[in-house]
Structures are given as structure tokens and as C-alpha cells.
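One structure is given here, and the rest of the page talks about it.
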Amino acid sequence: MEDVTSGRDGAQLFAGVELGGTKCICTLAAGPDDIRGQRTIATTVPWETLPAIKAVLDGWAAGPGFCGLGVAAFGPLQLDPGAGDYGRVGATNKADWEGADLLGPLRAAYDVPIGFDTDVNGAALAEIRWGSGHGLGDFAYVTVGTGVGVGLIVHGRPTRGFSHSEIGHIRVPRLPGDDAPSVCRFHDDCVEGLASGTAVKARVGARHLSDVAADDPVWDPVVNSLSVMIHALAVTTGPIRVAMGGGVIAGQPHLLPRINAGVEASLAGYMRLPEDGPYVVAPALGTLAGPLGAVALAMDAAQGHQALEPSGSGPWI
């Protein structure tokens, strides 16, 4: 979508940057029903992608302007403001991005509050504000795309400890006979390594995904890994609902019913899940959950929640 000017006059505008593993979506909006501009940029290497993002933001800052900025990025990220590497990408399967400074240059460039979190935490907050998690204080958003990420909201806030949630890297038992190499360079048997979009592409080889039938055995280890992960979520933090999106799930609608059945079978009657519909649902915001997650972070920052005061920093990479 190119920049548009059909939004409601006089509305406060917020800029959001959703930096995913494959692409970045920059959004200028007053809300989910009032998107003024949206640009898509390929996620290649930091020295190409980051200047392209800043060029988009510079154009919006010089034109309509924005009163808050949200950055929702793939992780792991350093989210502790007291850490020396605050705002940078940590150890990641995208090796070129390790150490990339996502936050510092933006704080130097724009005199607005900035919200900063993982892409999945942002999407979870957007679904709580406008979508499938509306009104819930305990909720999880899962994306199954280039990687597997989980945005976990407990009592209305993204979980924090020494790091943010990295549930896509929990280690899971493989199905008997599944000896496919993990695509995670850190773990031989984590969910991301076995069930992400990258893993699925490795499993199907030269075949195109559109040629892989719903009953193809290739989906069995994917369903198993994702079901075990949701089991772990249910028995640890107990989100009231889980939204699962991303390219793999959106392109393979047969997976969600199988994952729900897998979770029920795995729990084996030990825990009683909420009975107001399927436990794992598609995100109500669809493909806009991620971009609107960055906008939700901008809104929270402008309203004083986890806001970051502008300060000096070095140039954008």
C-alpha cells in the first residue's frame, strides 16, 4: 500500500515498524480502521534494511508527522534499559543481524516517545486491543513463519525476566522416525528448528507448498511440535486463548484443527481448557496483527506506558 490521505482529519497519527525475518512493514495509522500509509521493505541485511526504514519514517515525519513510534522486531532483543546493549538484536538465526542497533538511532532522530518490543509481543497487544484477545489479560500470540515466536501476555503485560519469551525455542520430543535436520543453528530439536516455515521448506525439498496435500505426512511433525508447545503454554502460564498466525498457518488452514486436537490429546484430560470455542484460533486481525502491533506499541508509548525518552545516539547502521 502506498501512502494514502483518506483517513479521518484531525486524528492523532502513530508510526509503527514491524521488522520481521523476511520483510519489514512500516505503517502510519490512527488505528486499525484508519491506516494512512504502509510500506513494505525486504529484510535483507541491516545496512540495507535499516536505512530504507528510516527513509520511510523521515518522509512521514516531514509530512503528516506522528506523535509516537513503535518498533516490533524479531528477536531475541535486549529489552532491559539498563543494559549496555539495550535496543540491539541478540544471538539469532539471522547471523548478519546479531548486534544490530534497532533503537538508538531512532531515539536520536525523532523527538517522540518510542515503544520497543518483540514483533510477537506487539501482535499480542494488538489482538488484545482490537482482535481475538479483546478484553483478556492472559493471552498468547504465536507466529509460525520464517521462525516461530510467541508473544506472551500475563496479567495484561508482556512477560519479562532476564529476557523476553522465547518459547519457539523450547525443545520438544520428535515423532518416531523424524530425523529431518533442524534448521535452528542452536538447537537440534526446538519448535522453530522443526516446525517453522523454514523447516517446512526444508522438509518438502523441491516440492512447492501448494502441491503438498493436507494429509501429507510432512505435516505430522509440524503439528506435533506446535501441539507440544501449546501444551507447555497451557500448563505453565495458562493463557485464556492462543492466537496462531504467520505464513505457514495462513497458507495451511487444515493445521489449526489438527493442533487443537493435538493439544487436547496431549493434555489427556488433566486440565480443562476454556470452553468458549477452540483454544487455538486464527488472529482476528489477520495479516495486520503484526503491523498493528507496532502501532499499538507506539500508542502505549505516547500514553506513557513503557515510553522511552529521546536521547542521543550514533548514526543509523
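The values are calculated or read from the model by the stated rules, or taken from the named source; none is laboratory data. This one's a predicted model, so the numbers in the text were calculated from it and none came from an experiment. All Cβ positions, even for glycine, are placed from backbone atoms using ideal geometry, and neighbour counts span all protein chains on display. Please note that ligands, DNA and RNA were not included when accessible areas were found on the heavy atoms of the full protein model with its side chains. Shrake-Rupley method; radii C 1.70, N 1.55, O 1.52, S 1.80 Å.
Looking at residue 93, is it part of a helix (DSSP H, G or I), within 17 Å of the chain's Cα centre (by Cα) and closer than 18 Å to residue 24 by Cα?
Details: part of a helix (DSSP H, G or I): no; within 17 Å of the chain's Cα centre (by Cα): yes; closer than 18 Å to residue 24 by Cα: yes.
Considered against the rule, which asks whether it is part of a helix (DSSP H, G or I), within 17 Å of the chain's Cα centre (by Cα) and closer than 18 Å to residue 24 by Cα, residue 93 comes out as no.
So in the stretch 292-306, with the set limited to residues that are surrounded by fewer than 18 Cβ atoms within 10 Å (Cβ to Cβ) and more than 20 Å from the chain's Cα centre (by Cα), which one is modelled with the lowest pLDDT?
Just the residues of the stretch 292-306 that are surrounded by fewer than 18 Cβ atoms within 10 Å (Cβ to Cβ), to begin with: 303-306.
Remaining after also requiring more than 20 Å from the chain's Cα centre (by Cα): 303-304.
Details: 303: 90, 304: 83.
Among those that are surrounded by fewer than 18 Cβ atoms within 10 Å (Cβ to Cβ) and more than 20 Å from the chain's Cα centre (by Cα), it is 304.
Considering only residues of the stretch 19-57 that are within 18 Å of the chain's Cα centre (by Cα), part of a loop (DSSP other than H, G, I, E, B) and touching a residue at least 24 places away in the same chain (Cβ under 8 Å), which is nearest to residue 116 (Cα to Cα)?
Only one residue tops the list, namely 20.
Would the stretch 247-267 turn up any residue that is over 18 Å from residue 191 (Cβ atoms), under 18 Å from the mean Cα position of the chain (by Cα) and open to solvent by less than 40 Å² (accessible area, probe 1.4 Å)?
no
Between a residue in the stretch 212-237 that is within 15 Å of residue 270 (Cβ to Cβ) and any residue that is aromatic (Phe, Trp, Tyr) and surrounded by fewer than 15 Cβ atoms within 10 Å (Cβ to Cβ), which pairs come within a Cβ distance under 9 Å, given they are 6 or more apart or on different chains?
Here the result reads 235/270, each pair linking the stretch 212-237 to a residue that is aromatic (Phe, Trp, Tyr) and surrounded by fewer than 15 Cβ atoms within 10 Å (Cβ to Cβ).
Six or more apart or on different chains, Cβ atoms under 7 Å: show the pairs whose first residue is in the stretch 58-86 and more than 23 Å from residue 290 (Cα to Cα) and whose second is part of a loop (DSSP other than H, G, I, E, B) and of a type outside the set (D, E, K, R).
So the pair list comes out as 85/78.
Going through the stretch 8-52 one residue at a time, which ones are of a type in the set (A, V, I, L, M), over 30 Å from residue 197 (Cα atoms) and open to solvent by 30 Å² or more (accessible area, probe 1.4 Å)? Reasoning before the result, please.
The first filter runs over the stretch 8-52 and keeps only residues of a type in the set (A, V, I, L, M), leaving 11, 13, 15, 17, 19, 25, 28-30, 35, 41-42, 45, 50, 52.
After this cut, where a residue has to be over 30 Å from residue 197 (Cα atoms) as well, the list is 11, 13, 30.
If the condition is that a residue be of a type in the set (A, V, I, L, M), over 30 Å from residue 197 (Cα atoms) and open to solvent by 30 Å² or more (accessible area, probe 1.4 Å), then 11 is the only one that fits.
Could you tell me which of the residues 229, 271 is outside any helix (DSSP H, G or I) and either hydrophobic (A, V, I, L, M, F, W, C) or surrounded by 22 or more Cβ atoms within 10 Å (Cβ to Cβ) (or both)? Quick ask: steps written out before the conclusion?
Working: 229 fails: outside any helix (DSSP H, G or I).
Result of the check over 229, 271: 271.
When you scan the stretch 160-171, how many residues do you find that are open to solvent by 30 Å² or more (accessible area, probe 1.4 Å) and assigned to a loop (DSSP other than H, G, I, E, B)?
Residues meeting the conditions: 6.
So, of the residues in the stretch 132-159 that are open to solvent by 20 Å² or more (accessible area, probe 1.4 Å) and assigned to a strand (DSSP E or B), which turns out to be nearest to residue 195 (Cα to Cα)?
The selected residue is 143.
Given the criterion open to solvent by less than 50 Å² (accessible area, probe 1.4 Å) and under 15 Å from the mean Cα position of the chain (by Cα), identify the matching residue among 282, 289. Step through it out loud before you land on a result.
Details: 282 fails: open to solvent by less than 50 Å² (accessible area, probe 1.4 Å).
Residue meeting the stated conditions: 289.
Output the residues belonging to the stretch 209-225 that are part of a loop (DSSP other than H, G, I, E, B) and farther than 19 Å from residue 183 by Cβ. Reasoning before the result, please.
Just the residues of the stretch 209-225 that are part of a loop (DSSP other than H, G, I, E, B), to begin with: 212-218.
Residues satisfying the conditions are 213, 214, 215.
Filter the stretch 79-98 for residues that are at pLDDT 90 or above and in contact with a helix residue (DSSP H, G or I) (Cβ under 9 Å, 6 or more places away or on another chain); which is surrounded by the most Cβ atoms within 10 Å (Cβ to Cβ)?
Of everything passing the filter in the stretch 79-98, 87 is surrounded by the most Cβ atoms within 10 Å (Cβ to Cβ).
In this structure, is residue 174 farther than 28 Å from residue 95 by Cα and open to solvent by 50 Å² or more (accessible area, probe 1.4 Å)? Give the steps one after another, and end with the answer.
Working: farther than 28 Å from residue 95 by Cα: no; open to solvent by 50 Å² or more (accessible area, probe 1.4 Å): yes.
No, not satisfied.
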